[in-house]
Structure formats: C-alpha cells, structure tokens
Amino acid sequence: MHLVFLGPPACGKGTQSEILVKKYGYHHLSTGDILRKESASGSELGNLLKLTLANGALAPTDLVNKAIKKDIEKYSKNSILFDGYPRKIDQAHFLDDIIAETNGEIRRVFYFDIDVNDLLQRILNRVTCKDCGAVYNLQTNPPKKEGVCDNCASTNFVKRGDDNEAILENRFKYFLEETAPLKEFYQKRGILTVIDASAPLKNVTEQIVNAL
Ligand code: AMP
C-alpha cells in the first residue's frame with residue numbers, strides 16, 4: 001500500500017516524508033534525491049543532469065522511469081512513499097503499470113497546497129545536512145541546537161543549488177504545467193487528499209496521519 005506526495009518545490013514533501021518514514025517505516029523514494037546523487041557522481045549521465053537540475057527543468061521521463069522501476073522492484077514488498085514522482089501524466093500511467101505488475105496499490109495521494117510566496121520564503125531558508133541529507137528550514141524547522149544536525153550531529157550544512165529565487169520561477173512553471181494536472185487525475189479516482197501545507201509542520205503531519 002503505497003503513498004504519493006504531490007506538490008510544488010519546497011512545499012514540505014521531503015520533510016513530511018522523513019517523519020512518516022520514521023513513524024511507519026515506509027521506503028522513501030525521492031526522485032530528486034536519486035537524480036541529485038547521479039548528478040554528483042561525475043558520470044556522463046550525471047553531467048547531463050547537472051544542467052537540468054541547475055535550471056529547474058524536469059529530467060527526461062525515460063531516465064526517471066528507469067530509475068524508479070529498479071527501486072520499486074527492489075522494494076515492492078515494502079510500502080513505498082513516492083516523493084516527487086509522478087510529476088507528469090505519462091509518469092502517473094507508468095507508475096500504475098509497475099504497481100500493477102508488482103501487485104501493489106496506491107493507497108492515497110496527498111496534494112500539498114501552498115501559496116507561492118510561502119514557497120519563496122521556504123526555499124530561501126532551506127538547508128540540508130551534507131552528511132545525512134536531513135532537511136531543515138532555518139525559520140520554521142531549525143535544528144534543535146543551532147548549526148548541529150539533529151540526526152547525525154554533523155555541522156556541515158549546504159544549500160541546494162536550485163534553491164534560489166531565479167530558479168524557483170522555472171520549477172514552479174513546470175509544476176503548474178506538468179504536475180498540477182495530476183491533482184484532478186487522482187481526484188477522479190477518489191484517492192486524493194488536499195492538505196494545507198502552509199500550516200505548521202506538526203499540523204501538516206496530523207493532516208496526513210488523519211487521512212491515512
Ligand atoms: P525535488 O527534490 O523533488 O524538488 O526535485 C529536484 C529536481 O529533480 C526537479 O526540479 C527536477 O529537475 C528533477 N526531478 C525530480 N523528480 C522528477 C521527476 N519525477 N521527473 C522529472 N524530473 C524530476
């Protein structure tokens with residue numbers, strides 16, 4: 001029984017994923033993380049991806065589909081939390097096919113609803129632990145001890161290269177054109193829950209847990 005998180009960049013999908021993974025043991029499948037890892041690997045493909053990620057465009061669907069197929073087949077016995085996939089209608093169809101092949105089911109799709117001005121604030125305040133990947137927002141969800149990761153005690157924090165005002169505009173454009181139509185796609189199926197993602201972090205978790 002799998003879950004899907006849909007929403008614009010920096011809406012809090014990654015943070016809520018981390019919480020649900022800890023609470024219920026989902027396998028976290030973040031296509032953004034997979035693509036960033038590939039891009040940092042120095043491979044030929046990684047170098048091509050670097051450009052895509054840097055300007056906020058969507059990566060080629062064939063490539064993303066191949067990566068998630070491998071992961072779904074590996075973890076098909078677990079419940080998977082899809083974070084950032086699908087991002088387009090054709091990806092949603094592909095996901096249906098693989099889930100059917102692996103006898104799984106999408107239990108619920110959560111649409112993170114948030115105002116674009118809130119997104120900009122979040123993006124500007126978002127930092128990631130370089131060592132374990134934990135994500136913080138310096139305003140709304142800072143580490144308990146300033147400058148020290150709650151998860152692994154590292155003091156190395158980095159900002160994502162695509163977290164800036166200029167690139168947000170592009171990422172948001174792709175979201176509106178390609179990803180937002182998935183809301184209706186899953187609504188028609190009766191498995192969509194819209195959550196208020198501008199609420200405080202704990203409240204967002206409550207909204208998700210209550211709809212599970
Ligand atoms: P995210 O970490 O989910 O914000 O994703 C970061 C970037 O990875 C996006 O801006 C896209 O360039 C790329 N990306 C992530 N997921 C997908 C996907 N399902 N399809 C295409 N590109 C993706």
Report every pair of residues separated by at least 6 positions or lying on different chains whose Cβ atoms are under 6 Å apart, first residue within segment 158-181 and within 14 Å of residue 124 (Cβ to Cβ) and open to solvent by less than 50 Å² (accessible area, probe 1.4 Å), second part of a helix (DSSP H, G or I) and within 9 Å of the ligand (Cβ to nearest atom).
162/53
Tell me which residues, restricted to segment 139-157, are farther than 20 Å from residue 12 by Cβ and in contact (Cβ under 8 Å) with a residue 12 or more places away in the chain.
152, 154, 156
Could you list, in sequence order, all residues of segment 186-212 that are closer than 17 Å to residue 85 by Cα, open to solvent by 40 Å² or more (accessible area, probe 1.4 Å) and touching a residue at least 24 places away in the same chain (Cβ under 8 Å)?
194
Wholly enclosed helices (runs of 4 or more DSSP H) of segment 130-212 bearing at least 1 residues within 16 Å of the ligand (Cβ to nearest atom):
165-174, 182-188
Test: residue 136 is touching a Lys or Arg at 6+ places or on another chain (Cβ under 9 Å) and closer than 30 Å to residue 188 by Cβ
no
Can you pull out the residues in segment 70-87 that are open to solvent by 50 Å² or more (accessible area, probe 1.4 Å) and either at pLDDT 90 or above or in contact with a Leu (Cβ under 9 Å, 6 or more places away or on another chain) (or both)?
75, 87
Can you pull out every residue in segment 136-177 that is among the aromatic types (Phe, Trp, Tyr) and over 16 Å from the mean Cα position of the chain (by Cα)?
157
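The values are calculated or read from the model by the stated rules, or taken from the named source; none is laboratory data. This one's a predicted model, so the numbers in the text were calculated from it and none came from an experiment. Note that each Cβ is placed from the backbone with ideal geometry, even for glycine, and that neighbours are counted across all protein chains shown. The area values use the complete protein model at the heavy-atom level, side chains included, leaving out ligands, DNA and RNA. Shrake-Rupley method; radii C 1.70, N 1.55, O 1.52, S 1.80 Å.
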